[in-house]
1. Based on the Cβ-Cβ distance of GLU11 and ALA237, what FRET efficiency does E = 1/(1 + (r/R0)^6) give at R0 = 56 Å, to the nearest 0.05?
2. Please find, in a Gaussian network model of the chain (springs between Cα atoms separated by less than 10 Å), the residue of ALA298, ALA233, ALA338 whose mean-square fluctuation is greatest.
3. Would you mind ranking VAL251, VAL413 so that the residue whose beta carbon has the fewest other beta carbons within 10 Å leads the list?
4. Given a 10 angstrom Cα cut-off, can you work out which residue in GLN405, GLN63, GLN148 is the most mobile in a GNM of the chain?
5. Show me, for segment 343-354, the HN-Hα J-couplings you get by feeding each phi into the Karplus relation (A = 6.51, B = -1.76, C = 1.60, θ = phi - 60°), rounded to Hz, glycine and proline as x.
6. For segment 183-274, state which trypsin sites (Lys or Arg not before Pro) are in a DSSP loop and have at most 15 other beta carbons lying within 10 Å of their beta carbon.
7. How far apart, in nm, are two points set 7 Å out from the Cα along the Cα-to-Cβ line at ARG318 and at ALA352?
8. List the GluC sites (Glu not before Pro) within segment 1-82 that fall in a DSSP loop (any state other than H, G, I, E or B) and whose Cβ has at most 12 other Cβ atoms within 10 Å.
Amino acid sequence: MPDLQSPRGMEDLLPEDAAVWRHVRDIAEHVARLFDYGYISTPVVEDARVFLRTVGEESDIAQKEMYVFEDRGGDRMALRPEGTAAISRAYIEHGMGSRPQPVRLFYIGPFFRYDRPQAGRYRQLWQFGAECIGDASAAADAEIIELQHTLYQELGLPDLLLRINSIGTAETRARYTEALREHFRPHLESLSKDSQRRFETNILRILDSKEDAGHPAVTGAPSILDFLTEEDAAHFAAVQGYLGALGISYVVDPRVVRGLDYYARTVWEFEPPDAAGQSTVGAGGRYDGLMELLGGPATPAVGFATGIERIVLNLRRRELAPEEEAPVDVAMVPLGEAGPAAAMRLARALRAAGLAVRAGTPGRSLRAQLRAASNSNAAFAVILGDDEARDGVAQVKPLGADGEQLTVPFGSVADAIQRSW
Ligand code: ATP
Ligand code: MG
């Protein structure tokens, strides 16, 4: 092993992984377009306060996962652990509140969390996400859920289980918190250290504990759904009505509370049917209070994020991942003295005509170059030696399928290849 390696939990993406990643990105961008979401990209590094003020002191992110550092000017910076707070920061900074509402945005990029690396869990992870900002309606929740659902459909993962819940507004949660306190107090001794701390700081998060997931006090905890205000309940019923109208199946699970504190009302997760809790593929929720935490005007919003590595993992498990990039159209085969320069000029013209062309390897034999061309799955070899260079022609040789080799003038090579497709 060389002594320098990629950081633990951060992986190199190699050309052999490119096909499946391109596939996922293409579909994600296509689906965002279908719903009229505009692309936004924020810096990988932010003022740490963007996240510290929003994700919640008791969240895994703030407690143990965020990469925080002082830059050379002494400012406290963070590698972004998630997208929503950063996009909200940008929404406020650029006065997007004065644009027609809602503002529909999507993003795709790397995020950083000091997580414990294992299958599907990295320290640099990629997320695709969408945010619908400036719309308080249940229809906006349904739109975002449908966008996410459409993404998984298009990817060939139609059976991910959608679990939804409503965690109400702050008022709801205050009353619910009281009830939870009563409920958990007698069981405190038997709960994990993490849960004991959460009992004091953010008791709702005990329901999200991975350690205590099966604890009878957790499974038997009162349901937040019994504490919703009339408005919360009506909103949640409306979301379910829309999902029903769209034919999107879901289960209501009062224990979905989400890892970040800024959520309100509708929250959800998509997970594989065989999941053991660790492998949520994507999750979202409404975050009506977030903008104010960042010093902006009260702005209702809803969004989701989905992990690209977890999508790739699920595609590979089901053998749905394309493992090879589309083959190249042409492999150039330059020979002799004048062949190489002529082949370079012809390759340039072919690329200008939209063909993918792999450069040749001057100095290697015809046989060796043709073998390399077939091995790389090129559709055609274009052979150019001294005679061809002199006469202004090339030999166009179909590889693989039958079809005869043709002598074609430079100016007609692109045409000849495109016609035979
Ligand atoms: P988990 O409970 O698995 O830690 P989370 O609640 O921290 O997930 P979110 O903050 O909701 O996750 O992030 C949205 C999505 O990003 C997740 O559903 C998952 O697909 C992906 N994700 C989160 N953390 C990681 C990670 N460390 N490595 C890879 N993907 C991740
Ligand atoms: Mg996490």
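1. That gives a FRET efficiency of 0.85.
2. Its mean-square fluctuation being the largest, the pick is ALA338.
3. Lowest count first: VAL251, VAL413.
4. Most flexible of the set in this elastic network: GLN405.
5. Taking θ as phi minus 60°, the curve returns 5, 4, 5, 5, 4, 4, 5, 5, 5, 4, 7, x Hz for segment 343-354.
6. Qualifying residues, ordered by number: LYS210, ARG255.
7. 4.5
8. Values: sites: GLU11, GLU16, GLU29, GLU46, GLU57, GLU58, GLU65, GLU70, GLU82; in loops: GLU11, GLU57, GLU58, GLU82.
Of the GluC sites (Glu not before Pro), the ones in loops of segment 1-82 whose Cβ has at most 12 other Cβ atoms within 10 Å are GLU57.
None of the figures in this text is laboratory data; all of them are computed from the coordinates on show. Everything numeric in this text was worked out from a predicted model, so none of it was measured. Virtual Cβ from ideal backbone geometry, glycine too; neighbours counted across all protein chains shown.
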